[in-house]
Amino acid sequence: MVDLPSRAQVVVVGGGVIGCSVAYHLTKLGRTDVLLLEQGRLSGGTTWHAAGLVGPLRATEAGTRLVQYSAELYAALEAETGLSTGYRNVGGVIVARTEDRMTQLRRTAANAVAYDLDCELVSPGRAQELWPPMQVDDLLGAIWLPGDGKVNPADLTQSLARGARQGGARVVEGVRVTGFDVADGPAGRRVTGVRTDGAGGAGGEQRVECEVVVNCAGQWAKALGDLAGVTVPLHSAEHFYVVTERVEGTHPDLPIMRDPDGWTYFKEEVGGLVVGGFEPNAKPWRAPSDLPHPFEFQLLEEDWEHFSILMEQAIVRIPALAETGVRKFYNGPESFTPDNQFLLGQAPGLLGYFVGAGFNSVGIASAGGAGRALAEWVVEGEPTSDLVAVDVRRFAPFHGDETWLRSRVAEILGLHYEVPWPLREPETARPQRTSPLHERLAERGAWFGTKMGWERPNVFTSHRRTDTWGRPGWLDHCLREQQACRTDVALFDQTSFSKYVVSGADALTTLQWVCAAEVDVPVGGTVYTPWLNTRGTYEADVTVTRTGNEEFWIVSSSATTVRDVDWLCRHAQPGTQVRDVTEDHVVLGVMGPRSRDLLTGMSTGGADWSDESFPFATSQVVEVAGRRVRATRMTYVGELGWELTIAAQDAPAVYDVLASGGGHEGGRPPADAGYYAIEALRLEKGYRAFPRDLNPDLTPVEAGLVFATSLGKPGSEGEPGKDFLGREALAEHRNRLRDSGTERRRLVSFVLDDAGPMVWGGELVLRDGEPVGYVTSAAYGATVGAGVGLALIRTDRPVRQDDLDASSFGIDLAGDRHSARLTLGAPIR
């Protein structure tokens, strides 16, 4: 029987590379009362058979910074712990067989410049010089990434574990966690301990009291989450690679090579090659609730038939493999999530329970940065950087359905090497949630996308392909939808937007603290406001309508429902109730210059829609088509219009009358319009979106939205306005930036000078030929007649319009640079 302590401040469950990294970083932050429990031996689950690739360049700046730190840590860890990680900075080559892939690589190279990473576009000949074993006759080009590296996963895990022990943590192997103790407290449900089998069941159950649990159990993390009522949506798939006999031209410092058009990757190992990949259609393994135990340092059965698609492509790239023997076939299960991003953070609804799992085959590269980020979250009580893309709260309980997860994971694994087409939508496991209007919209030609499980119209068109970097077939339809909204009237189903009711005696007190803007407004008033954290950076971007003396209605982003409700509940005063009512209501946006006429014609209760009776940023309960609805004069497209909130059961009747133009003879129907139109329309007006433009790394100062807070103007006596969460940090940050020599960033609007190109987001921005930032959001605007968007730029002085006008700006579109005009204000007023 293992002698476990009766108490530890933090219990980390899982001794793979993620768990050991979390324990290591907790001790670095001063948390030394840490107990790590591993059901078998360290690295014995998934870590030991990982390929060990470390590629810092990721699709986002936040993701890139995480892996950059990982590489730095792995290179330095041996000097601290005395155990080698096997890390070698060998560089990486990614090759392109097709023009579409070459376009992607040009975009990737531009991203690297935006994120201050070394990257070079190279010819096929140069690629072969860097990686001699391959043939390049069919290649169009490649990129060279000097910062890529490789590491021995098991050695890395042992080195992190030793570092954790040196810092005071205790690491115990051979103990399986079988449950959790949970108690209700003043702030809600909290984890209070873990239950274990003692030592493989031989010693009987043992309990360890704790304040924090960190679930880093890899493919077992979902089952452990279920024991605590926590959703950890992941599912294992079989992942294949082989290790070959010696291949001519290999050496220990041979770079990593990736051939995504052939779905394969290669790295040197003992004179031979690791040949692995991510096939288009994966092979899901057993359900998370049906994983075997024990399962330690084990592999699955060889499946040469399934692996053949990868081996055939590997031989295309390296003909010598046709005559080379195989030393070992590896088929090991790895866990994947529904969106190909890992899971990190404190679980909603259970204080003290954190998750670090579902790493989608990039766990080795991510472990250093993710372990540090999660440890910081544990210590500080909130993230210290932008982790929205990997936040476990981006998923809801319905995402934990194992049948749904199995269907989705078959698609997700293959996305690693698929061309990352702009606006690509998942194809599997749909539909999941539908509006009461779904069938009506489908009959009218809606092409649906998905967000937080909702099926929602992207655009009304029969052209439904997104596999292009150029002008898509659906664009003309989207432009007509935009024009209808700007010149006439358009009808949008906005049901997927998150909707919450905050009520109770302390509702106002809670929202006055959480909202940076003043929300103590008359009943019927609507306020646009950010939610900030203690660092003064963004947590959400919402509208708040006061619907009663002790009741408020909140509308937020579609994807942030769980995250928002969790944030509200964690900061709510005792006399506050928070309810998610998203599924109870349909929201129809009636937008455009003719919206007032349309609504006036179909009102059955005598509502007055005039400016005098119904001013902007107000809300009223009115009767439309014989049903009571809440009409809010608020717009995300920059035109006269109302958002109609309708009880779900009444929505079809209201929609039918609206879509017919009012239901009376001569009524002209509004245009059907979708979310692609909303995106373009809001960008033409300079409206920001969370988390694409606003995120936890930015404050309202960078966003140009200080006016949407209660922070007074610089220099105003006493800094008038109420107190709010993040106010002190925001004020200090703004004061610090008054020094003109302080580096800063600023969100600005742009419009391309050339009407032809498409801008998709993520592109490099140049100022007088030098890199200064990147595009955060982009679309094609019908009114401006060109690509339009928002960009985050760096500068060492305050940003003024005359300063922008004096510079020459360009947007890098896959290597072609197109001039653009940047503005602090909206492209159109």
Just one of Asp253, Asp290, Asp261 is of a type in the set (D, E, K, R), more than 27 Å from His235 (Cβ to Cβ) and either touching a Pro at 6+ places or on another chain (Cβ under 9 Å) or open to solvent by 10 Å² or more (accessible area, probe 1.4 Å) (or both); which is it? Asp253
Determine, yes or no, whether Leu73 is surrounded by 24 or more Cβ atoms within 10 Å (Cβ to Cβ), farther than 30 Å from Glu209 by Cα and of a type in the set (A, V, I, L, M). yes
Confirm whether Gly445 is open to solvent by less than 10 Å² (accessible area, probe 1.4 Å) and either over 20 Å from the mean Cα position of the chain (by Cα) or not polar (S, T, N, Q) (or both). no
If Arg433 meets every condition in (1) open to solvent by less than 20 Å² (accessible area, probe 1.4 Å); (2) touching a Gly at 6+ places or on another chain (Cβ under 7 Å); (3) of a type outside the set (Phe, Trp, Tyr) apart from one, which number is that one? (1)
Residue selected from segment 761-782 under the condition in a loop (DSSP other than H, G, I, E, B) and buried (at least 20 other Cβ atoms within 10 Å of the Cβ), by the criterion nearest to the chain's Cα centre (by Cα): Gly762
What's the total number of residues in segment 388-425 that are open to solvent by 10 Å² or more (accessible area, probe 1.4 Å), part of a loop (DSSP other than H, G, I, E, B) and within 26 Å of Phe354 (Cα to Cα)? 2
Residue, modelled with the lowest pLDDT, within segment 641-670, restricted to residues that are outside any helix (DSSP H, G or I) and open to solvent by 40 Å² or more (accessible area, probe 1.4 Å): Glu665
Taking the condition of being under 30 Å from the mean Cα position of the chain (by Cα) and within 20 Å of Val555 (Cα to Cα), how many residues in segment 647-672 meet it? 1
Selection from segment 373-385 of residues open to solvent by 10 Å² or more (accessible area, probe 1.4 Å) and touching a Leu at 6+ places or on another chain (Cβ under 8 Å) yields Glu376, Val378, Val379
With among the β-branched types (Val, Ile, Thr), touching a residue at least 60 places away in the same chain (Cβ under 8 Å) and under 24 Å from Ile18 (Cβ atoms) as the only criterion, which of Val316, Val355 stands out? Val355
Which of the residues that make up segment 76-98 are open to solvent by 20 Å² or more (accessible area, probe 1.4 Å) and either without any contact (Cβ under 8 Å) to a residue 24 or more places away in the chain or among the aliphatic types (A, V, I, L, M) (or both)? Ala76, Ala79, Leu83, Ile94
Hey, does segment 119-128 have a residue that's among the hydrophobic types (A, V, I, L, M, F, W, C) and open to solvent by less than 30 Å² (accessible area, probe 1.4 Å)? yes
Asp493 versus (1) at pLDDT 95 or above; (2) out of contact with any Pro (no Cβ under 8 Å at 6 or more places or on another chain): which is the lone unmet condition? (2)
From Thr47, Thr64, Thr60, grab the single residue that is open to solvent by 50 Å² or more (accessible area, probe 1.4 Å) and closer than 17 Å to Phe342 by Cα. Thr60
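The values are calculated or read from the model by the stated rules, or taken from the named source; none is laboratory data. These figures come from a predicted structure and were not determined experimentally. For neighbour counting, all protein chains shown are included, and Cβ atoms are generated from backbone atoms with ideal geometry for every residue, glycine included. Quick note on the areas: whole protein, heavy atoms, side chains included, nothing else; ligands and nucleic acids left out. Shrake-Rupley method; radii C 1.70, N 1.55, O 1.52, S 1.80 Å.
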